[in-house]
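Student: I have a structure I would like to understand better, so I am pasting it below and will then ask my questions one at a time.
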Amino acid sequence: MKTFEEMDLIAPLQRALKDERYKTPTPIQAKTIPVAVSGRDVLGCAQTGTGKTAAFALPILNHLGQRNRKAVSQRPFVLALAPTRELAIQISNSFSTYGKHLKLRQALVYGGVGQGNQVRAMNRGAHILVATPGRLLDLMNQGHIDLAQIEMVVLDEADRMLDMGFLPDVKRILSQLPRKRQTFFFSATMSPSIVDLAQRMLTEPVNVQIESNSISVDKIEQKVLFLKRDEKQESLRSIVTADDAGQVLVFTRTKRGADVVARKLDQSGIKTAAIHGNKSQNARQRALEAFRKGHVQVLVATDVAARGIDIDGITHVINFDIPMDPESYVHRIGRTGRAGASGIAISFCTESERRELREIQKLLGNKVRLITDHSQPPTEGRHRSSTPHGKGSTTPRSTSGRSSARRSSRRSFAPANSSNGKPKNKRKQRKGRNARQRVKQASK
């Protein structure tokens, strides 16, 4: 399929796609929508940022639009399960956007907030229910939701669902679904536990796989800065205040780390917000809206809280900490370069994070640009130029400087416990690193 107009979608959906100026489907949309519209189950392996939400939302809306039925109290026709509140909200927004010319109701169910509005929405009746597993089970146990009439079900980001400990909840929910249904199952990875879950849910599915390499590399310029831990904050500040920096998304490993990074940026006069699991749902939504509207320039997030961030116009993704899982790296950088735009992903790497970096390099085929030592060591009888060698430099680069840089580059990607047989004092002489110079080089 070269265009959405060639797809067998009803007129209200085609109109909504034109309103959004969607013309060409992404690979996962082109492969999924035709078979989904025909009624087949779909097993999709794809990262965030590939357009998979539309890949299942459009066939679902197409099915409901053709039936044109009234919603039934407490008994939805479609269930979409998501691991986090943010992703559930994103999915709900997508249904609203694509289905705006259809008379369909939906309900959004997630924890962290009072259940009163959610119960009232289900009592009024909803064609589509988007939910996180924990709150869904709570309302089912209270008798507010009955899944007996579910015709289509989506399990999105199944790997994250299992990582967050939702497998028992998901199995209990599956046991309440009708046997005859159409199922869409999406995951970024296919571990044995994911395969087992997929086999429980799906019947003769069509397999759709989108390679992670094509997602993360095509339009995203990836760089790694080798830094000491105490240099990271100043390097981040320099990147954020550079001329080419627009909306910047920063990832940390821990909730406390996100708060510390955000507070220090804010103290530097940079409008910053943080989201993580310890923040209330209302606080997280306020932070996301402020970031989406440009009221804050920088959003600092942990991996779990960042699932579901779907904001166009993010120019930079900064990995303040290298993720433990290389697949998480692909999820992170996929937040930039969306909707056909280009983006920049910069990762800060310390000695202790080199193992994780090597795993990322292995996954992506060494397509991440390594920025190592950019300041030339002084040679005898010559003072170091105040301008870094490169664009705008008036000092010629010597042969000895090039060979020194090559030695430094090789050493920078060596294992952390490797000394390369060099005395420690000489290694210290070569370090001479300046955080601002590295950032300038990275942004060229």
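A short reminder: the numbers here are calculations on the coordinates, not readings from a lab. None of these values were measured; they are calculated from a predicted model. For neighbour counting, all protein chains shown are included, and Cβ atoms are generated from backbone atoms with ideal geometry for every residue, glycine included.
Student: Would you mind ranking LEU108, LEU202, LEU129 so that the residue whose beta carbon has the fewest other beta carbons within 10 Å leads the list?
Tutor: Ascending number of Cβ neighbours within 10 Å: LEU202, LEU108, LEU129.
Student: Fewest first, what order do GLU204, GLU221 take by the number of other Cβ atoms within 10 Å?
Tutor: In order of increasing Cβ crowding within 10 Å: GLU204, GLU221.
Student: What dipole magnitude, in Debye to the nearest 20, does the range 4-210 give about its Cα centre under +1 on Lys/Arg Cβ and -1 on Asp/Glu Cβ?
Tutor: Charge dipole, the range 4-210, about its Cα centre: 760 debye, nearest 20.
Student: Determine the relative contact order of the range 4-210: mean sequence separation of Cα pairs under 8 Å and six or more apart, normalised by residue count, in whole percent.
Tutor: Normalised by residue count, the contact order of the range 4-210 is 29 percent.
Student: Also, quick follow-up: Quick one: of LYS52/LYS279; LYS70/LYS180; LYS52/LYS100, which pairs are farther than 24 Å apart, Cα to Cα?
Tutor: LYS52/LYS279
Student: Tell me, what ³J(HN,Hα) does each residue in the range 191-199 have, in order and in whole Hz, if you take phi through Karplus 6.51 cos²θ - 1.76 cosθ + 1.60 with θ = phi - 60° and put x for Gly and Pro?
Tutor: 6, x, 5, 5, 4, 4, 5, 4, 5
Student: In Å, what is the Rg of the alpha-carbon atoms in the range 4-210, and how long is Dmax?
Tutor: Rg, Dmax (Cα atoms, Å): 15.8, 45.
Student: Where the convex hull is taken over the Cα atoms of the range 210-303, what is its projected area averaged over directions, in nm²?
Tutor: That works out to 7.4 nm².
Student: Among SER175, ILE145, VAL109, which residue has its Cα positioned farthest towards the positive end of the charge dipole of the range 4-210, with +1 placed on the Cβ of Lys and Arg, -1 on the Cβ of Asp and Glu, and the dipole taken about the Cα centre?
Tutor: Selected residue: ILE145.
Student: Which far-off residues, 5 or more places away or on another chain, put their amide H under 5 Å from the one on GLN222, with H placed in the peptide plane?
Tutor: Those qualifying (amide H under 5 Å, at least 5 residues apart or on another chain) are ALA345, ARG369.
Student: If you average the sequence gap of Cα pairs under 8 Å that are 6 or more apart and divide by the length of the range 153-285, what percent do you get for the contact order?
Tutor: 16
Student: Continuing with this model, one more query. Using Cβ counts within 10 Å as a stand-in for footprinting exposure, how do ARG160, ARG172 rank, fewest first?
Tutor: Lowest to highest Cβ neighbour count: ARG172, ARG160.
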